[in-house]
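Following: one structure in structure tokens, then a few remarks.
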Amino acid sequence: MTAHTDAAPPSGVPEPALHEVLVSRKYLGLLLLCVLLGVPIALASFFFVGLQHTLQHAVWETLPRRLGHDHAPWWWPLPALLLAGLLLAPIVTRLPGRGGHLPVQGLGGSPIGPKELPGVALAALATLPLGVVLGPEAPLMAVGSGLALLAARARPDAAGPRNTAVLATAGSTAAISTILGGPLTAAVLVVESAGLAGPHLVVLLLPCLLASATGALVFTGFGRWTGLETGGLTLPDLPPGARPNPGDFLWGIPIAALIAVLVVLGKRFGQRTADWTARHHTASRTVLCTLAAGACLSAYALLTGRSPEEAALSGQSMLAELGADPHAWSVTALLALLLCKALAWAVCLGSCRGGPIFPAVLLGAVAATACAGLPGLGTAPALALGVAAAAAAVTGLPLSAAVLAVLLLGEDAGAQTPLVVIAAVVAAVVAQAWQGRIRDGSTAERRAGRRTAGGTEAP
């Protein structure tokens, strides 16, 4: 999530004081507009996520049962992901906006206009329910920013680069808050990723808080009224946890570092996949990538005898099941889930459309839970540190990751907060260090290639 602001005022022109900005009629009108925007954006997000959840349930539960299976058979992901690729290929090659930005590029991306909005929504609804290993967060943010920019075009008084950027960010925040448990996590995302300081940060944060809070109220109330499920990221039941002991911290630091390395390697694989699909024959290579992801999901089912649905999709429901009963999976099954889902996630990062966070959070939780049998490491602390470490590694935002993990933990959050914060910081630092090493290595390879092409021997 990136906020764009006007350039700094010319030298010699003083910045207005913060209190002058906050009480100005123009800014108060912008706040009111953000509150009003929260309602339609929340409704659009509700139906978007609700429809996705309904289609997902139909594909992975209703249809297999009607065909006589207790759950989706091992081969189910192959035709499902093949269909996802066939539906996605024309969207990314022919429609405006190419269905949205690649998830390997991060969570946000540049705000999209109304022209690109149908392609983004279609790409998500046509592929995510079929088992693509990505979350709905990035398409939701795109829908929110697109609707906000559409409203800005309808109001000439809201025009201007700064107001347009604030409205787009507020729209994205309102949309993403609907699946992150409320406005707090979304607001912290804005704070940490905006790259602003001082008064600029407050000016941006207040519209985002208002839009996301209004959207969360509408989203929650409308969900209770209609009875539709939306499948937000939640952990309704957790194993009983105690305050972390020294063993949890001693194991937690290396486990958080390991999770960060795994996430970075997955993102690196995703970047290689993105380069490969963009180079030639994008449509056919997109289909091949989704089919490869389906093969990873089928491999998990064959290795464990469990449903491939556990490795497919964003991982929201699987995270809740893992939190409720982590001992339902053997260590072998958890390791198989980690390997197969990580490979499928890495492929989807560079070829499909969706969000990178939710599957990464599940991967972190699975990796840490698989280590919960180590001496001195409890199950609840392992789950907490796994969620925080993965979220920090994939976003690069340790504060946002810690807040997300704390909100997911609910009543157990107070005891686990110190471990969560340490895991998030360690993972963020290790991820940045590894990404730097990878960038340096890639630069050295390119230089060596140029020297070889120039007729000199590469070192």
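Just so it is clear, none of the values below were taken in a lab; they were calculated from the coordinates. On a predicted model such as this, the values are computed, not experimentally measured, just so you know. Glycine gets a Cβ as well: all are built from the backbone with ideal geometry, and neighbour counts include every protein chain shown.
Between Leu95 and Ala295, the simple label model (points 7 Å from Cα in the Cβ direction) yields a spacing of 2.7 nm. For segment 360-401, the Kirkwood radius over C-alpha pairs fed into Stokes-Einstein at 20 °C and 1.002 mPa s yields D = 214 µm² per second. Packing around the peptides 265-273, 119-127, taken as the average count of other Cβ atoms within 10 Å per residue, puts them in this order, highest first: 119-127, 265-273.
Classify segment 246-449 from the C-alpha gyration tensor, please: rounded if a/c falls under 1.5, else prolate or oblate depending on whether a/b exceeds b/c. Spell out each step's value before the answer.
Working: a/c = 2.07, a/b = 1.32, b/c = 1.57.
Oblate is the answer for segment 246-449, as a/c is 1.5 or above yet b/c matches or exceeds a/b.
Annotation for His69 and Leu43: the two label points, set 7 Å from Cα along the Cα-Cβ direction, are 3.9 nm apart.
How much FRET efficiency would the formula 1/(1 + (r/R0)^6) give for Leu265 and Leu78, where r is the Cβ-Cβ distance and R0 is 41 Å, rounded to 0.05? That gives a FRET efficiency of 0.95. Model label points for Gln105 and Leu374, set 7 angstrom from Cα along the Cα-to-Cβ axis, are 3.7 nm apart. Full extension of the chain segment joining Arg279 with Val21 gains 88.1 nm, where the gain is 0.36 nm per residue of separation less the Cα-Cα distance.
So if R0 is 25 Å, what FRET efficiency would Val429 and Leu250 give, r being the distance between their Cβ atoms, rounded to the nearest 0.05? Efficiency for this residue pair is about 0.90. Database remark: amide H of Gly135 closer than 5 angstrom to the amide H of Gly355, Ile357, Phe358 (H placed geometrically; neighbours at sequence offset of 5 or more, or on other chains; Pro and chain starts carry no H).
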